[in-house]
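Reading through the structure tokens given below for one structure.
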Amino acid sequence: MPCPDARIAVVSETAPGPGELAPAQVRKLVAETFNNTAPEYDRLGVDFFGTFGQWLVGEAHLSPGERVVDLGCGRGAATFPAAIAVGAEGSVLAVDLAPRMVELLRADATARSMRHVEVRLGDVQDVDVEGPFDCVLAAFVLFFLTDPAAALRRYRSLLHENGRIAVSTFYGDDERWHWLRELREMVPAEARPPVPTDPAPFRSSDALHALLADAGFTPARSVEREHRTPFRDADHWLRWSYSNANRAIWDRIPAERAAEAHELARARIAGMEREHGAIELRTGVRLTTATRSPEPPQPRSSSAT
Ligand SMILES: C[S@@+](CC[C@H](N)C(=O)[O-])C[C@H]1O[C@@H](n2cnc3c(N)ncnc32)[C@H](O)[C@@H]1O
């Protein structure tokens, strides 16, 4: 279980499948989880989203003066590198569903005197912003959407003629963390959040490229990069896991079992350290870019992949 991605982190064999919860309920669950993580999200000195945001912006090849929209911006892992790349003559509009992410990112942008960064509360499933933009950034957000195909068609419509999109997703699996399933199983079945969307389009570069092509983008290109995150000890990992999408598990483990869950995590991490000589998370990050195609999107059902 390599990634702190709520879609994967909270799903177990018994979780309801895609479409089993109304989109409004999915939005509520996602907003609650990320609201709870916002104060410490990517702020614990653990090298993770900040690095991935820089990688994504690097792949987007932004130029000074460009107009960018960062969808599902979180605390600005991609927003700030984008704002630096486009400079004060450009602009970055950052949008997120979780009010505390929005408040805190806005405060950070003000503290950094980045007046060309605007932060708004909004749902990027059907985002309501005024284009055209030169680039859409979507860092680790598409897999939270109930209809990513429809969202991507909307993003295309926000772009200039030669505008581009840069998307990051996770790939792969670090088998050393498979014990996280045991934590997920401590969540009562009725409290397990659903899989918000069909995970198939995110399982391979080819599948994601097909999703983008159907939404009206030119042939996409993906770069896959592996990242290793070290943790000092179990408590370091525990605190970090409360600050990202794994929080969805912690918030659903019954209070009377919280101490047991923490002890389980400490024991498994101690075992990992004995066996592998380190406490480390290996994460695969897929960075995918494509350009707006002059051809309109293919009219397909949203679940086609
Ligand atoms: C894994 S975090 C990634 C945040 C940031 N892009 C980064 O790379 O650190 C996913 C973010 O997407 C936001 N999000 C999820 N679904 C959303 C939706 N429908 N509309 C807007 N934001 C959404 C969450 O609130 C969260 O901040």
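Residues in region 205-224 include none that are buried (at least 20 other Cβ atoms within 10 Å of the Cβ), out of contact with any Ser or Thr (no Cβ under 6 Å at 6 or more places or on another chain) and under 26 Å from E40 (Cβ atoms). Of all the listed residues (T33, T37, T79), the sole one being of a type in the set (S, T, N, Q), in contact with a Ser or Thr (Cβ under 6 Å, 6 or more places away or on another chain) and either under 26 Å from A150 (Cα atoms) or near the ligand (Cβ under 9 Å from one of its atoms) (or both) is T37.
Please determine whether any residue of region 77-91 is in contact with a strand residue (DSSP E or B) (Cβ under 8 Å, 6 or more places away or on another chain) and assigned to a strand (DSSP E or B). Yes; the residues of region 77-91 include at least one that is in contact with a strand residue (DSSP E or B) (Cβ under 8 Å, 6 or more places away or on another chain) and assigned to a strand (DSSP E or B).
Name the residue that is nearest to G53 (Cα to Cα), counting only residues in region 106-124 that are near the ligand (Cβ under 9 Å from one of its atoms) and either buried (at least 21 other Cβ atoms within 10 Å of the Cβ) or without any contact (Cβ under 8 Å) to a residue 60 or more places away in the chain (or both).
Among them, the one singled out is V124.
Within region 228-249, the set of residues being free of Cβ contacts under 8 Å to residues at least 60 places away in the same chain and either within 16 Å of the ligand (Cβ to nearest atom) or assigned to a strand (DSSP E or B) (or both) comprises R228, P230.
The residues listed here are A107, A111, A38, A88; of these, the one that is on the phi < 0 side of the Ramachandran plot and under 19 Å from the mean Cα position of the chain (by Cα) is A38.
Within region 87-95, is there a residue that is charged (D, E, K, R), surrounded by 24 or more Cβ atoms within 10 Å (Cβ to Cβ) and modelled with pLDDT of 95 or more? Spell out how you get there, then give the answer.
Going through region 87-95, the residues charged (D, E, K, R) turn out to be 89.
Subset that is surrounded by 24 or more Cβ atoms within 10 Å (Cβ to Cβ): none.
No, every residue in region 87-95 fails to be charged (D, E, K, R), surrounded by 24 or more Cβ atoms within 10 Å (Cβ to Cβ) and modelled with pLDDT of 95 or more.
Just one of L281, L287, L264 is out of contact with any Cys (no Cβ under 6 Å at 6 or more places or on another chain) and not in a strand (DSSP E or B); which is it? Can you show your working first?
Values: L281 fails: not in a strand (DSSP E or B); L287 fails: not in a strand (DSSP E or B).
Exactly one residue qualifies, and that residue is L264.
Scanning region 146-168 for residues that are at pLDDT 95 or above, in contact with a Pro (Cβ under 9 Å, 6 or more places away or on another chain) and under 18 Å from P199 (Cβ atoms) yields a total of 3. Checked against (1) over 12 Å from the mean Cα position of the chain (by Cα); (2) of a type outside the set (V, I, T); (3) at negative phi, G45 meets all criteria but (3).
Residues to consider are D233, D214, D198; find the one that is among the acidic types (D, E) and within 20 Å of E295 (Cα to Cα). Give the steps one after another, and end with the answer.
Details: D233 fails: within 20 Å of E295 (Cα to Cα); D198 fails: within 20 Å of E295 (Cα to Cα).
Criteria check complete, one pass: D214.
Scanning region 40-59 for residues that are surrounded by 15 or more Cβ atoms within 10 Å (Cβ to Cβ) and more than 13 Å from the ligand (Cβ to nearest atom) yields a total of 1. Just wondering, is there one or more residues in region 267-280 that are touching an Asp or Glu at 6+ places or on another chain (Cβ under 6 Å) and under 27 Å from L145 (Cα atoms)? No: region 267-280 contains no residue that is touching an Asp or Glu at 6+ places or on another chain (Cβ under 6 Å) and under 27 Å from L145 (Cα atoms).
The values are calculated or read from the model by the stated rules, or taken from the named source; none is laboratory data. No experiment lies behind these values; they were computed from the predicted model shown. Virtual Cβ from ideal backbone geometry, glycine too; neighbours counted across all protein chains shown.
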